[in-house]
1. Every residue in the stretch 57-87 that is closer than 19 Å to residue 38 by Cβ and outside any helix (DSSP H, G or I), please.
2. Based on this model, can you work out whether residue 36 counts as surrounded by 11 or more Cβ atoms within 10 Å (Cβ to Cβ) and either farther than 30 Å from residue 116 by Cα or modelled with pLDDT under 90 (or both)?
3. I'm trying to understand the selection: among the residues of the stretch 88-100, which are exposed (fewer than 13 other Cβ atoms within 10 Å of the Cβ) and outside any helix (DSSP H, G or I)?
């Protein structure tokens, strides 16, 4: 009976140790993927931040800076998605969303550029009117 108890204890201890090692190995294997997911989240947040700043751009310098920031974040997101795809993850839906977001942001950038040009034309016309009135 004591031998049975001892054997049962040893088998239980070995199984728990094995399970612990498997858990540790799986956790270590997931850390790089979790890190990429964090980087993807950060890049998306910076893209959102730059998009908000793009909308409120009131000069060409700010408009161009936000455009460069959006391009950089989009490239980073695409590189991270490529790395995740290489690890076997299905990133098709996220890639489609990123393409749609990029297309929308390009349109937004063009509209902001047009708005800045129209504002500059308005200022020039106002100056011409003031000069003609004097």
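The values are calculated or read from the model by the stated rules, or taken from the named source; none is laboratory data. Just so you know, these numbers come straight off a predicted model, no measurement behind them. Cβ coordinates were reconstructed from backbone atoms using ideal geometry, including for glycine residues, and neighbour counts include every protein chain displayed.
1. Residues of the stretch 57-87 closer than 19 Å to residue 38 by Cβ: 72-87.
Selection gives 87 alone.
2. Details: surrounded by 11 or more Cβ atoms within 10 Å (Cβ to Cβ): yes; either farther than 30 Å from residue 116 by Cα or modelled with pLDDT under 90 (or both): yes.
It is true that residue 36 is surrounded by 11 or more Cβ atoms within 10 Å (Cβ to Cβ) and either farther than 30 Å from residue 116 by Cα or modelled with pLDDT under 90 (or both).
3. 88, 90
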